[in-house]
1. Most exposed first by the Cβ proxy, i.e. fewest other Cβ within 10 Å, how do 40, 78 rank?
2. So what's the angle, to the nearest 10 degrees on a 0 to 90 scale, between helix 54-83 and the longest Cα principal axis of the chain?
3. For 31, 115, what's the fewest-to-most ordering of other Cβ within 10 Å of each Cβ?
4. Can you tell me the FRET efficiency between residue 50 and residue 127 if r is taken as the Cβ-Cβ distance and R0 is 30 Å, rounded to the nearest 0.05?
5. Modelling each spin label as a point 7 Å along the Cα-to-Cβ direction, I'd like the residue 119/residue 27 distance in nm, to one decimal.
6. With 10 angstrom as the radius, rank 10, 124, 60 by how many other C-beta atoms surround their C-beta, starting from the fewest.
7. In nanometres, what is the gap between the two model label sites at residue 96 and residue 110, each 7 Å from Cα along Cα-to-Cβ?
8. Can you give the extra length, in nm with one decimal, that the chain gains between residue 152 and residue 6 once fully stretched, where that is 0.36 nm per residue apart less the Cα-Cα distance?
């Protein structure tokens, strides 16, 4: 059931809050990233030749968090929390798992647990994308770059785990 009777100020506030929540998760990951928390450890790891340059991660993740926030906002704006409870719950779960990966990999420096966790994260992203697509096709499509990047990140995490 659609509930798109929200006033423009409520829609704008929701948009800002969804983006802010996504950027908050990004910030928690950035706090433990190699450039801030553990450059020596990360630089000492054996990485595959196809490991992207460090400068690429910031722009990619900024874009992905923005798309995630817009996607969730579209579903919320059209259906509200009540009528999109499972879709938005999956979204919030994947967001928590997204932030947890950085903590496991960079903060705890546990590549094995990070690998297990990112496989779970990727699974929940697929579920979220499917549920979002059922509610709003654009919202579902906006998560496809996220699936692609986390698939790549899963392979990269696995390669680093094997090499170390």
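1. On the way: 40 7, 78 16.
In order of increasing Cβ crowding within 10 Å: 40, 78.
2. For helix 54-83, the angle is close to 30 degrees.
3. Fewest-to-most Cβ neighbours within 10 Å comes out as 31, 115.
4. The computed FRET efficiency comes out at 0.60.
5. Placing both labels 7 Å beyond Cα along the Cβ direction yields 3.4 nm.
6. Neighbour counts put them in this order, fewest first: 10, 60, 124.
7. Going by the 7 Å Cα→Cβ label model, 1.7 nm.
8. Details: separation 146, 0.36 × 146 = 52.56 nm, distance 3.77 nm.
My answer for the length gained is 48.8 nm.
Rule-based calculations on the coordinates, nothing more; no lab input. On a predicted model such as this, the values are computed, not experimentally measured, just so you know. Virtual Cβ from ideal backbone geometry, glycine too; neighbours counted across all protein chains shown.
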